[in-house]
Amino acid sequence: MYLHKTVLVSCHILDSPQAIPLAAAILKSYQPYKEEVIIKDFYLNDTPQAVAETVLKYNPDSIGFSMYIWNRDFLVETASIIKGIDNKITIYAGGAEITASALSFMSNNNFDYLVRGEGELPFSDLLKYLIGKDDNQPDKLLKMSYVNDLELIPSPFLNSNLDPGEWDGILWKLSRGCPYNCSFCSESRGVKGVRYYGEERIQQELILFEKKKVNQVFVLDPTFNINKDRALGIIKLIKENSPNHLDIFRLSIFPGTVLYEQADSFNLKFKNAVPYSVISSPEYSEADLDESEKIAQAVDLFYNKGKSAGWVLSIVDVLDIAPAQFFIEFSTFLIKNSDYKDIFELQYKYLELIFRDGFDWIES
């Protein structure tokens, strides 16, 4: 019996602890058919030609792309190459960029189907048609639908579609959705409220992560602490294992959000291409944003790379300074010490200076 073969392609920014194909693995876990679903990972330092050639070696009947702002242009070119070699292959795409900008893909004949929103149900419906179990061909723009009970979606970790031991870090989803409707975010568009994965599942995944000696776990929930009691319970579970990590990003004006649609009225200047990052606003100049970028880099260096989460608050408490100001001064310190060799020696030098001279050195 011939089985329909589909390849799910994930293209990450770079090889990092966060570069795991979580979305593709969840789709593979949910689909009820026995057809062969292959997951392939790539990075932006690959080439569209190389990706196309690698995927085509599997002789796929269909190929799915997980598309985000950082890989849109890369995957558009990849799809074009694949169709140029074999236009009988069905190509579909989903992900945040498709959800936000599906209409911009309608005229692109290299994409046969577009999956908006959460992909489990649309993906299963599409496979049902592709393998011949449904004679009704769906529209190119697949109907949006959602799984209300997240317990119906098997864990890709617990069913071995993703082996946590093979990755430097793990992306972890504990819930979906958001109760708010912020104009800069599309998280709550299409489905209201928050849906939760069961606590037993979460506990079993955490036990597995510990067994596999996973060093880093990145929680993807947009509002992890919206349910305080639940959040505290989960924190107790991970207390001895997910050190704190702080990432600071420049605001992006994502297509599909209210802010994108009303950007002109707010006089927001931003890159009208990936990653849509803000350049300036009426009250935040380009120079101000560049300065903030330097502070964000200082936080990443001292707090994340310097592994100071466990002790830095004690330092700022003794110094009687706000944490934000501590990192602002560190960003200034970096200007004169950009040639450092070791982050821990750099931290020691900075702390020695401020404990000896306070912050008067900045003006000198």
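Charges only on Cβ, +1 for Lys and Arg, -1 for Asp and Glu: so what's the dipole of segment 5-56 about the Cα centre, in debye to the nearest 20?
Details: 4 positive and 6 negative charges, 45 e Å.
Dipole about the Cα centre, nearest 20: 220 debye.
Fewest to most neighbouring Cβ within 10 Å: what's the order for TRP172, TRP311, TRP167?
Values: TRP172 22, TRP311 8, TRP167 18.
By the 10 Å Cβ count, ascending: TRP311, TRP167, TRP172.
Can you work out the Karplus-derived ³J(HN,Hα) for every residue in segment 158-169? Use 6.51 cos²θ - 1.76 cosθ + 1.60 with θ = phi - 60°, whole Hz, and x for glycine or proline.
Residue by residue, segment 158-169 yields 6, 9, 6, 6, 10, 8, x, x, 8, 10, 6, x Hz.
For the chain, find the longest principal axis of its Cα atoms and tell me its angle to the long axis of helix 72-85, 0 to 90°, nearest 10.
Orientation of helix 72-85: about 30 degrees from the principal axis.
Return the long-range amide H neighbours of PHE218 (sequence gap of 5 or more, or a different chain), with a cut-off of under 5 Å between placed amide H atoms.
Here ILE170, LEU171, TRP172 satisfy the definition.
Compute the long axis of helix 199-211 from its Cα atoms, compare it with the longest principal axis of the Cα atoms of the chain, and write down the angle in degrees, 0 to 90, nearest 10.
Rounded to the nearest ten degrees, it is 70.
Over the chain, what relative contact order in percent results from Cα pairs under 8 Å that are six or more residues apart? Spell out each step's value before the answer.
Numbers: 507 pairs, mean separation 44.2, N = 364.
Relative contact order for the chain comes out at 12 percent.
Please work out whether segment 26-65 counts as rounded, prolate or oblate from its C-alpha gyration tensor, where a ≥ b ≥ c are the square roots of the eigenvalues and a/c under 1.5 means rounded, while otherwise a/b larger than b/c means prolate and anything else oblate? Before the final figure, lay out the partial values.
On the way: a/c = 3.48, a/b = 1.78, b/c = 1.96.
Because a/c hits 1.5 or more and a/b fails to exceed b/c, segment 26-65 counts as oblate.
Which lysines have a Cα lying under 26 Å from the Cα of LYS307, excluding residues fewer than 8 positions away in the same chain?
Reachable lysines: LYS173, LYS211, LYS212, LYS213, LYS236, LYS239, LYS294, LYS336, LYS341, LYS349.
How many angstrom separate the Cα center of segment 138-200 from the Cα center of segment 273-301?
Between the Cα centres of segment 138-200 and segment 273-301 lies a distance of 30 Å.
Can you give me the angle between helix 323-336 and the longest principal axis of the chain, using Cα atoms only, in degrees from 0 to 90, rounded to the nearest 10?
80
For the residue pair ASN337 and ASN45, what label-to-label distance in nm results when each label sits 7 Å from Cα along the Cα-to-beta-carbon direction?
A separation of 2.9 nm, rounded to one decimal place.
With n ≥ 4 as the cut-off for DSSP H runs, can you work out [θ] at 222 nm for the chain, using -39500 (n - 2.57) per run divided by the number of residues, rounded to the nearest 500?
Working: 12 runs with 128 residues, N = 364.
Calculated at 222 nm, the ellipticity per residue is -10500 deg cm²/dmol.
Report, to one decimal in Å, the Kirkwood hydrodynamic radius for segment 90-172 based on all distinct Cα pairs. Don't skip to the answer; put the middle values down first.
Details: mean 1/r = 0.0685 Å⁻¹.
14.6 Å is the Kirkwood radius here.
When DSSP assigns beta bridges and you keep just the ones with both residues in the chain, what percent turn out antiparallel, to the nearest 5?
That works out to approximately 25 percent antiparallel.
Under 5 Å between amide hydrogens, which residues at least 5 positions from LEU8 or on another chain qualify, with H placed 1.01 Å from N in the peptide plane?
Sorted by chain and number, the residues that satisfy this are ILE38, ILE39, LYS40, GLY64.
Give me a comma-separated list of calculated 3J(HN,Hα) values for segment 220-233, in order, Karplus coefficients 6.51, -1.76, 1.60 applied at θ = phi - 60°, integers in Hz, x for any Gly or Pro.
Per residue, the Karplus-derived 3J(HN,Hα) values read 9, 4, x, 9, 4, 9, 5, 9, 4, 4, 5, 4, 5, x Hz.
Coordinate-derived values only; no laboratory data. This one's a predicted model, so the numbers in the text were calculated from it and none came from an experiment. Please note: Cβ atoms are built from the backbone with ideal geometry, for glycine as well, and neighbour counts cover all protein chains shown.
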